[in-house]
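Working notes, beginning with the structure itself.
Please treat every number below as a calculation from the coordinates, not as lab data. From a predicted model like this one, the values you see are computed outputs, not experimental measurements. Positions of Cβ are generated from backbone atoms using ideal geometry, with glycine treated the same way; all protein chains shown enter the neighbour counts.
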Amino acid sequence: MKTAMQTYVAQFLAERQRLGFDSRSMGYALGSLARYIDGLETQGPLTVEVMAAWARRPNNGSDNPMTWARRLKILRPFARWMQQFEPGTEVPDDSVFGNIDRRLTPHIYAEQEIADLLVAAGHLQPPLRGATYETLFGLLAATGLRVSEALHLLDADVDLRAGLLTVRRTKFAKSRQVPLHPSTQS
């Protein structure tokens with residue numbers, strides 16, 4: 001039997017799905033929040049205090065305030081949506097655990113680091129795994145594709161004669177062609 005919070009979560013996710021959103025990670029978070037709230041057996045509107053306590057829970061796997069802040073950020077659309085049913089629902093802002101919009105400085109791999117990575121990948125066992133990862137990492141290094149883009153490539157997306165990869169329906173549902181370096185065409 002679903003509790004009231006689980007019912008709200010199911011309605012919210014169904015509405016987002018009808019609008020075309022993929023809410024898989026949000027669904028996991030909201031399901032966890034609903035179970036947490038049910039365990040508290042509290043009454044009244046959803047508060048920032050309750051959401052923050054859920055985000056800080058040790059069984060969520062992190063004691064990092066940036067991780068807690070990301071969890072709260074996931075809850076914001078749901079909290080705003082809940083206000084139509086429970087006007088006292090609070091919406092957490094960025095200041096609860098600090099700003100999460102900091103990006104880590106990316107590491108640009110040197111040629112030797114890439115070569116070492118490819119050699120190490122080639123030694124993975126069984127041999128097919130090694131060949132697969134060596135090819136994947138080489139493709140990523142040579143083209144700049146996202147991992148998900150490389151994993152979704154089909155044979156029909158590769159034109160070795162023209163030296164082009166067609167990457168279909170990627171971020172923001174756009175497609176593009178990526179030129180291949182001559183060293184990757186053989």
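What is the order of Leu117, Leu33, fewest Cβ neighbours within 10 Å to most?
Leu117, Leu33
Using a 10 Å Cβ count of at most 10 others and DSSP loop calls, identify the longest part of the chain lacking such trypsin sites (Lys or Arg not before Pro).
In the chain, the maximal stretch lacking such sites is 1-101.
For the stretch 155-186, list residues with backbone N below 20 Å from a point placed 7 Å from the Cα of Glu111 toward its Cβ?
180-186
Trp54: net charge of surrounding residues, Cβ under 12 Å, Lys/Arg +1, Asp/Glu -1, itself excluded?
+2
Just grab the label-to-label distance for Leu140 and Asp157, each label 7 Å out from Cα along the Cβ direction, in nm (one decimal).
Output for this residue pair reads 1.5 nm.
Mean-square fluctuation check for the chain, GNM, Cα pairs under 10 Å: which of Pro87, Pro126, Pro58 is largest?
Looking only at Pro87, Pro126, Pro58, the biggest GNM fluctuation is shown by Pro126.
So how much slack lies between Leu104 and Leu19, counting 0.36 nm per residue of separation and subtracting their Cα-Cα distance, in nm?
27.4 nm
Just flag the chymotrypsin sites (Phe, Trp or Tyr not before Pro) in the stretch 1-55 sitting in loop per DSSP whose Cβ has no more than 13 other Cβ atoms within 10 Å.
Details: sites: Tyr8, Phe12, Phe21, Tyr28, Tyr36, Trp54; in loops: Phe21.
Here the chymotrypsin sites (Phe, Trp or Tyr not before Pro) that fit, given the DSSP loop and packing criteria, are Phe21.
Could you tell me whether the stretch 4-82 comes out rounded, prolate or oblate from its Cα gyration tensor? Rule is a ≥ b ≥ c as square roots of the eigenvalues, rounded for a/c under 1.5, then prolate if a/b exceeds b/c, otherwise oblate. Let's see the in-between values first.
Numbers: a/c = 1.89, a/b = 1.26, b/c = 1.50.
Oblate.
Among the helices of the chain (complete DSSP H runs), which have Cα atoms covering no less than 18 Å along the helix axis and a Kyte-Doolittle mean of at least 0.0?
Length and hydropathy pass: 24-40, 127-143.
Match the structure shown to one of the listed values (i) 1.15; (ii) 0.97; (iii) 1.40 of Cα Rg over 2.2 N^0.38 Å, computed from it, and give that label.
(iii)
Given the Cα-Cα distance of Glu90 and Val147 and 0.36 nm per residue of separation, how much length would full extension add, in nm?
That pair, Glu90 and Val147, stretches by 16.8 nm at full extension.
Choose one answer from Ala115, Ala173, Ala55: the residue with the largest mean-square fluctuation in a GNM of the chain with alpha-carbon springs under 10 Å.
Maximum among the listed residues: Ala173.
Is the stretch 92-186 best put as rounded, prolate or oblate by its Cα gyration tensor, with a ≥ b ≥ c the root eigenvalues, rounded for a/c under 1.5, and otherwise prolate when a/b is larger than b/c, oblate when not?
It comes out oblate by the Cα gyration axes.
Need the full-extension length gain, Trp81 to Ala4, defined as separation in residues times 0.36 nm minus the C-alpha distance. One decimal, nm.
That works out to 26.3 nm of additional length.
Using DSSP to define loop residues, name the chymotrypsin sites (Phe, Trp or Tyr not before Pro) in the stretch 67-155 whose beta-carbon has at most 16 other beta-carbon atoms within 10 Å. Can you show the working numbers first?
Values: sites: Trp68, Phe78, Trp81, Phe85, Phe97, Tyr109, Tyr133, Phe137; in loops: Phe85, Phe97, Tyr109.
Of the chymotrypsin sites (Phe, Trp or Tyr not before Pro), the ones in loops of the stretch 67-155 whose Cβ has at most 16 other Cβ atoms within 10 Å are Phe85, Tyr109.
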